[in-house]
Amino acid sequence: MKLISDLIKKPTFISIVSILLFVLGLPLIIYQFFTLDSSSSLGIAIEIIILMFVLGLLIIDRFLVKKVNTIRLSIIEIVLIGGYLMYYYFTNNNSFSIG
């Protein structure tokens, strides 16, 4: 119960996104597991690996929330994610124009 109360009282960007991906991904994997044939098992395996990665991010995030102030951690997450997106934008020469 303490884990759930910590998720509600001290949410961070990574924890919110991780929980959303886990809640949306788990039913999808279960549905695909029972409806698709065995030739599509690689796709399900990749989705399970991604779901385990997301769960690992959530565990790391919860560990950091206990060690670092929540507001400072949210600022660090936003700076890291924004920096990565800017790096990706400039290195791949993408533009926001339609034409």
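Before moving on, here are some points about what is shown:
- Here the condition is being assigned to a helix (DSSP H, G or I), modelled with pLDDT under 80 and aromatic (Phe, Trp, Tyr); of Phe63, Phe90, Phe53, Phe96, it holds for Phe90 alone.
- Among the candidates Ser39, Ser5, residue that is farther than 26 Å from Gly82 by Cβ, modelled with pLDDT under 90, hydroxyl-bearing (Ser, Thr, Tyr) and open to solvent by 80 Å² or more (accessible area, probe 1.4 Å): Ser39
- Of the residues making up the stretch 1-43, those that are over 10 Å from the mean Cα position of the chain (by Cα) and either polar (S, T, N, Q) or assigned to a helix (DSSP H, G or I) (or both) number 28.
- Test: residue in the stretch 44-57 that is farther than 19 Å from Leu7 by Cβ, without any contact (Cβ under 8 Å) to a residue 60 or more places away in the chain, over 16 Å from the mean Cα position of the chain (by Cα) and open to solvent by 100 Å² or more (accessible area, probe 1.4 Å): no
- Considering only residues in the stretch 80-91 that are of a type in the set (A, V, I, L, M, F, W, C) and within 16 Å of the chain's Cα centre (by Cα), the one that is farthest from Lys9 (Cα to Cα) turns out to be Leu85.
The values are calculated or read from the model by the stated rules, or taken from the named source; none is laboratory data. In this text the structure is predicted, and so the values were computed from the model without any measurement. A quick note on method: Cβ atoms are made from the backbone with ideal geometry, for glycine too, and the neighbour counts reach across all protein chains shown. For the accessible areas, the whole protein counts, side chains as well, though only heavy atoms, and no ligand, DNA or RNA atoms are used. Shrake-Rupley method; radii C 1.70, N 1.55, O 1.52, S 1.80 Å.
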